[in-house]
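Note sheet for the following structure.
Each reported figure results from applying straightforward, stated rules to the coordinates on display, with no laboratory input. Just so you know, these numbers come straight off a predicted model, no measurement behind them. Note that each Cβ is placed from the backbone with ideal geometry, even for glycine, and that neighbours are counted across all protein chains shown.
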Amino acid sequence: MKNEKQITHEVVDKSYPHLSKPEIVGVVRDVFSGIGRAVGEGEKVLVKNFGTFSEKKRTSRKRFDQGLKKVVETEPKKIVELIQSPNIFKK
């Protein structure tokens, strides 16, 4: 698996040699922040040939807490779900 630094290095050197690495990282973070904000407001976000980001609600669950040595119930929460496009790996 590649990490953020390796991917950023590849993208900057090959595709955008005129941009600095901090600029590329800033743009990518801004894009994902925008997606997160839109999903948080209840919108679906479609990224062509990548997938659709949407909000998914997780119900509360029971799990065993090792520290407390008892079963505890987790709170329900909202998460961001990505449904991949069938074209994501096609060239």
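Summary of computed values
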read-out	value
Proximal lysines to LYS44, defined as alpha-carbon separation beneath 19 angstrom and excluding residues fewer than eight positions away on the same chain	LYS56, LYS57, LYS77, LYS78
Likely footprinting exposure, SER20, SER54, fewest C-beta neighbours within 10 Å first	SER20, SER54
Cβ-defined net charge surrounding VAL80, 13 Å radius [Lys, Arg +1; Asp, Glu -1]	+3
Residue-averaged 222 nm ellipticity for the chain, from DSSP H runs of 4+ at -39500 (n - 2.57), nearest 500	-11000 deg cm²/dmol
Proximal lysines relative to LYS5, as straight alpha-carbon distance under 27 Å, when same-chain residues fewer than 8 apart are discounted	LYS14, LYS21, LYS48, LYS90, LYS91
Of every Cα-Cα pair in the chain, the percent that sits beyond 21 Å	57 percent
Where GluC sites (Glu not before Pro) in DSSP loops with at most 14 other Cβ within 10 Å are excluded, longest remaining stretch of the chain	44-91
Centroid-to-centroid separation of the stretch 45-86 and the stretch 1-44 [C-alpha atoms, Å]	23 Å
Filtered trypsin sites (Lys or Arg not before Pro), the stretch 18-71: DSSP coil and at most 16 other beta carbons within 10 Å	LYS44, LYS48, ARG61, LYS69
